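The values are calculated or read from the model by the stated rules, or taken from the named source; none is laboratory data. These figures come from a predicted structure and were not determined experimentally. When we count neighbours, we look across all protein chains shown, and the Cβ atoms used for this are built from the backbone with ideal geometry, even at glycine. Ligands, DNA and RNA are stripped out before the accessible areas are found, and what is left, the full protein with its side chains, is counted by its heavy atoms. Shrake-Rupley method; radii C 1.70, N 1.55, O 1.52, S 1.80 Å.
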Amino acid sequence: MKETTLDEVLGRAKARAAQEFPLVRDLDRYVKQLETMLARQELHRFFYPDKGEVLLEQEIVDAQGKIRRLDRLIVMPDESWVVDFKSSRAGREQHGAQVKEYCALIKGMYPKRGVKGFLIYLDDGGVEEIKK
(Lines give C-alpha, C1' and ligand atoms only; values in the text may rest on other atoms or scores of the structure.)
Protein backbone atom coordinates (compact mmCIF):
# COMPACT_ATOMS: atom_id res chain seq x y z
CA MET A 1 0.00 0.00 0.00
CA LYS A 2 1.34 3.43 -0.96
CA GLU A 3 2.12 5.85 1.84
CA THR A 4 0.18 9.09 1.59
CA THR A 5 1.46 12.37 2.95
CA LEU A 6 -0.69 14.85 4.82
CA ASP A 7 -0.17 17.38 2.02
CA GLU A 8 -1.56 14.87 -0.51
CA VAL A 9 -4.58 14.12 1.65
CA LEU A 10 -5.30 17.80 2.22
CA GLY A 11 -4.86 18.53 -1.49
CA ARG A 12 -7.40 15.85 -2.42
CA ALA A 13 -9.80 17.10 0.26
CA LYS A 14 -9.50 20.66 -1.06
CA ALA A 15 -10.13 19.51 -4.64
CA ARG A 16 -13.19 17.53 -3.57
CA ALA A 17 -14.52 20.43 -1.50
CA ALA A 18 -14.07 22.75 -4.49
CA GLN A 19 -16.25 20.40 -6.58
CA GLU A 20 -18.92 19.91 -3.93
CA PHE A 21 -19.02 23.53 -2.71
CA PRO A 22 -18.25 25.70 -5.76
CA LEU A 23 -19.50 28.89 -4.09
CA VAL A 24 -16.93 28.70 -1.28
CA ARG A 25 -14.03 30.84 -2.40
CA ASP A 26 -11.43 30.67 0.38
CA LEU A 27 -10.80 26.95 0.79
CA ASP A 28 -7.19 27.61 1.81
CA ARG A 29 -8.50 29.03 5.08
CA TYR A 30 -10.22 25.72 5.85
CA VAL A 31 -7.18 23.70 4.82
CA LYS A 32 -5.07 25.76 7.22
CA GLN A 33 -7.60 25.15 10.00
CA LEU A 34 -7.37 21.40 9.33
CA GLU A 35 -3.59 21.49 9.41
CA THR A 36 -3.70 23.30 12.74
CA MET A 37 -6.14 20.78 14.21
CA LEU A 38 -4.17 17.78 12.99
CA ALA A 39 -1.02 19.19 14.57
CA ARG A 40 -2.59 19.54 18.03
CA GLN A 41 -1.26 16.89 20.39
CA GLU A 42 -4.57 16.40 22.24
CA LEU A 43 -6.29 15.53 18.94
CA HIS A 44 -3.55 13.21 17.70
CA ARG A 45 -5.16 10.07 19.19
CA PHE A 46 -8.34 10.64 17.15
CA PHE A 47 -6.60 11.05 13.81
CA TYR A 48 -3.61 8.74 14.26
CA PRO A 49 -4.73 5.93 16.59
CA ASP A 50 -2.04 3.41 17.58
CA LYS A 51 -4.31 0.45 17.02
CA GLY A 52 -7.77 -0.31 15.79
CA GLU A 53 -9.87 0.42 12.75
CA VAL A 54 -11.09 3.91 11.88
CA LEU A 55 -14.51 4.09 10.24
CA LEU A 56 -15.66 7.40 8.73
CA GLU A 57 -19.28 8.39 8.26
CA GLN A 58 -20.27 4.97 9.55
CA GLU A 59 -23.99 4.28 9.21
CA ILE A 60 -25.72 2.26 11.93
CA VAL A 61 -29.38 1.47 12.42
CA ASP A 62 -31.18 1.82 15.75
CA ALA A 63 -33.92 -0.52 17.06
CA GLN A 64 -36.61 1.55 15.30
CA GLY A 65 -34.86 1.27 11.94
CA LYS A 66 -33.63 4.87 11.95
CA ILE A 67 -30.24 5.35 10.32
CA ARG A 68 -27.57 7.17 12.31
CA ARG A 69 -24.32 8.36 10.75
CA LEU A 70 -21.31 8.59 13.04
CA ASP A 71 -18.62 11.08 12.01
CA ARG A 72 -15.83 8.81 13.21
CA LEU A 73 -15.78 5.44 14.92
CA ILE A 74 -12.51 3.99 16.17
CA VAL A 75 -12.82 0.29 16.96
CA MET A 76 -9.98 -1.10 19.05
CA PRO A 77 -9.57 -4.56 20.60
CA ASP A 78 -10.83 -3.52 24.06
CA GLU A 79 -12.91 -0.41 23.42
CA SER A 80 -14.55 1.74 20.78
CA TRP A 81 -14.57 5.52 20.50
CA VAL A 82 -17.41 7.52 19.01
CA VAL A 83 -16.09 10.87 17.78
CA ASP A 84 -18.48 13.57 16.65
CA PHE A 85 -17.42 16.90 15.15
CA LYS A 86 -19.40 20.07 15.79
CA SER A 87 -18.81 23.54 14.40
CA SER A 88 -19.23 25.23 17.81
CA ARG A 89 -20.33 24.62 21.39
CA ALA A 90 -23.77 26.09 20.71
CA GLY A 91 -26.28 23.31 21.41
CA ARG A 92 -23.80 21.51 23.64
CA GLU A 93 -26.45 19.58 25.59
CA GLN A 94 -28.01 18.22 22.40
CA HIS A 95 -24.56 17.30 21.09
CA GLY A 96 -23.83 15.36 24.25
CA ALA A 97 -27.18 13.55 24.09
CA GLN A 98 -26.50 12.59 20.47
CA VAL A 99 -23.09 11.12 21.34
CA LYS A 100 -24.59 9.21 24.29
CA GLU A 101 -27.16 7.72 21.92
CA TYR A 102 -24.43 6.71 19.48
CA CYS A 103 -22.40 5.17 22.31
CA ALA A 104 -25.40 3.10 23.44
CA LEU A 105 -25.84 1.79 19.89
CA ILE A 106 -22.15 0.89 19.62
CA LYS A 107 -22.25 -0.79 23.05
CA GLY A 108 -25.06 -2.98 21.70
CA MET A 109 -22.91 -3.92 18.72
CA TYR A 110 -19.77 -4.58 20.78
CA PRO A 111 -21.07 -5.63 24.21
CA LYS A 112 -17.70 -6.91 25.48
CA ARG A 113 -15.86 -3.66 24.71
CA GLY A 114 -15.88 -0.39 26.54
CA VAL A 115 -17.26 2.60 24.68
CA LYS A 116 -16.21 6.24 25.01
CA GLY A 117 -17.75 9.25 23.34
CA PHE A 118 -16.03 12.48 22.35
CA LEU A 119 -17.03 15.81 20.88
CA ILE A 120 -14.46 17.81 18.93
CA TYR A 121 -15.35 21.45 18.35
CA LEU A 122 -14.06 22.82 15.07
CA ASP A 123 -14.20 26.48 16.09
CA ASP A 124 -11.63 26.13 18.89
CA GLY A 125 -10.35 22.56 18.51
CA GLY A 126 -11.61 21.68 21.97
CA VAL A 127 -12.24 18.09 22.98
CA GLU A 128 -14.93 17.01 25.41
CA GLU A 129 -15.36 13.46 26.63
CA ILE A 130 -19.02 12.65 27.06
CA LYS A 131 -19.70 10.81 30.30
CA LYS A 132 -22.48 8.27 30.38
Q. Using the alpha-carbon atoms, what tilt in degrees (0 to 90, nearest 10) does helix 92-109 show relative to the longest principal axis of the chain?
A. 60 degrees
Q.
Give me the percent of accessible area attributable to carbon and sulfur for the chain, probe 1.4 angstrom.
A. 53 percent
Q: With a probe of 1.4 Å, find how much accessible area the chain has per residue, and write the answer as a whole number in Å².
A: 68 Å²
Q.
Compute the distance from the alpha-carbon center of the stretch 6-25 to that of the stretch 62-91, in whole Å.
A. 24 Å
(Q) Relative contact order for the chain: what percent, with Cα pairs under 8 Å and sequence separation of 6 or more? (A) 16 percent
Q: Quickly work out the T5-to-R92 label distance, labels modelled 7 Å from Cα along the C-beta direction, and quote it in nm with one decimal.
A: 4.0 nm
Q. Could you give the angle, 0 to 90 degrees to the nearest 10, between helix 27-39's Cα long axis and the longest principal axis of the Cα atoms of the chain?
A. 50 degrees
Q | ³J(HN,Hα), Karplus 6.51/-1.76/1.60, whole Hz, each residue of the stretch 69-77, x for Gly, Pro | A | 10, 7, 4, 8, 10, 10, 9, 10, x
Q. Of the cross-linked pairs K86/K132; K14/K131; K14/K107; K32/K107, which ones have a Cα-Cα span greater than 27 Å in the structure shown?
A. K14/K131; K14/K107; K32/K107
Q. Say we join alpha carbon atoms closer than 10 Å with springs in a Gaussian network model of the chain; which of M109, M37, M76 then has the biggest fluctuation?
A. M109
Q: Return one number: the angle in degrees, 0 to 90 and rounded to the nearest 10, between the long axis of the Cα atoms of helix 6-20 and the longest principal axis of the Cα atoms of the chain.
A: 90 degrees
Q. Given the protein chains as shown and a 1.4 Å probe, how many square angstrom of V9 are accessible, to the nearest 10?
A. 70 Å²
